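Enquirer: What follows is a structure written as structure tokens; I'll ask about it next.
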Amino acid sequence: MPYTPEVVDLAAKRAARAAARAAKREGRGDVLRLQYGDVLIAELEPEFALDVLEPLQDVNVDLALLVRQALVMMSATDQETSGMAAISYVVDVLAANPDLPKELIEAVKEMGRRLLGEAGYAAFVGMRPTPWDVADLISALVGWYGVGLGESSQPTTPSDGGTTSPTTSAPISDSTPASAGHLQEPLAA
């Protein structure tokens, strides 16, 4: 029997996704038209091209520091502590890389060029955008590209009547603190 390779046509899959998105958008079309008044900025395709994110690889940020700070902010119990943790993070990052603002701005500019095209980027910058204009653009892009946590679908089979599943382990072990925020004594060596 001759070998027949399995073929995955990425163009066909992209077209199917575009058709599904167009149907979900209730016939709003396959192109997002961005404009400022009567000035056309760009017409965006239905799918986000990954090369738009490529300039971020040139931004010199310590990923370990970023993860550490995210954990610190997540463990904060109140807004004041969380706010101080965020300020501390910004200071730490800028102290570690004083060129970061310039690198980040350059990366964002290049991402804008890749997303909007040279003419579209020039038209957008030509309108002298405010932070609120940028926020409106980002909001429109998030809505258009459907960026988010995803959609939850209903289970295909019903549950067992809504009962709670049985406990799989004891609620408290020797390694679990008795209450939140309680510090345990270090283990003896």
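The values are calculated or read from the model by the stated rules, or taken from the named source; none is laboratory data. As the structure is a computational prediction, the values presented were derived from the model and not from experiment. Cβ placement follows ideal geometry from the backbone for every residue including glycine, while neighbour counts extend to all protein chains displayed. Only protein heavy atoms, including side chains, enter the accessible area calculation; ligands, DNA and RNA are left aside. Shrake-Rupley method; radii C 1.70, N 1.55, O 1.52, S 1.80 Å.
Enquirer: Could you tell me how many of the residues in region 85-129 are among the charged types (D, E, K, R) and open to solvent by 80 Å² or more (accessible area, probe 1.4 Å)?
Expert: Counting residues in region 85-129 that are among the charged types (D, E, K, R) and open to solvent by 80 Å² or more (accessible area, probe 1.4 Å) gives 6.
Enquirer: Conditions: (1) open to solvent by 70 Å² or more (accessible area, probe 1.4 Å); (2) modelled with pLDDT of 80 or more. Glu80 meets all but one. Number of the miss?
Expert: Only one criterion in (1) open to solvent by 70 Å² or more (accessible area, probe 1.4 Å); (2) modelled with pLDDT of 80 or more is unmet by Glu80, namely (2).
Enquirer: When region 8-23 is examined, which residues are found to be of a type in the set (D, E, K, R) and open to solvent by less than 70 Å² (accessible area, probe 1.4 Å)?
Expert: Residue satisfying the conditions is Arg21 alone.
Enquirer: I'd like to verify a number: residues in region 100-118 that are in contact (Cβ under 8 Å) with a residue 60 or more places away in the chain and either in contact with a strand residue (DSSP E or B) (Cβ under 8 Å, 6 or more places away or on another chain) or farther than 16 Å from Gln57 by Cβ (or both), how many?
Expert: Residues that pass the stated criteria total 3.
Enquirer: Next question, about the same structure. Is there a residue being modelled with pLDDT of 75 or more, open to solvent by 50 Å² or more (accessible area, probe 1.4 Å) and not β-branched (Val, Ile, Thr) anywhere in region 60-71?
Expert: Yes; the residues of region 60-71 include at least one that is modelled with pLDDT of 75 or more, open to solvent by 50 Å² or more (accessible area, probe 1.4 Å) and not β-branched (Val, Ile, Thr).
Enquirer: Is there any pair linking a residue in region 127-147 that is at pLDDT below 90 to one that is open to solvent by less than 60 Å² (accessible area, probe 1.4 Å), with Cβ under 6 Å and at least six apart or on different chains, and which?
Expert: Once the first residue is at pLDDT below 90 and sits in region 127-147, its partners that are open to solvent by less than 60 Å² (accessible area, probe 1.4 Å) give Trp144/Leu32.
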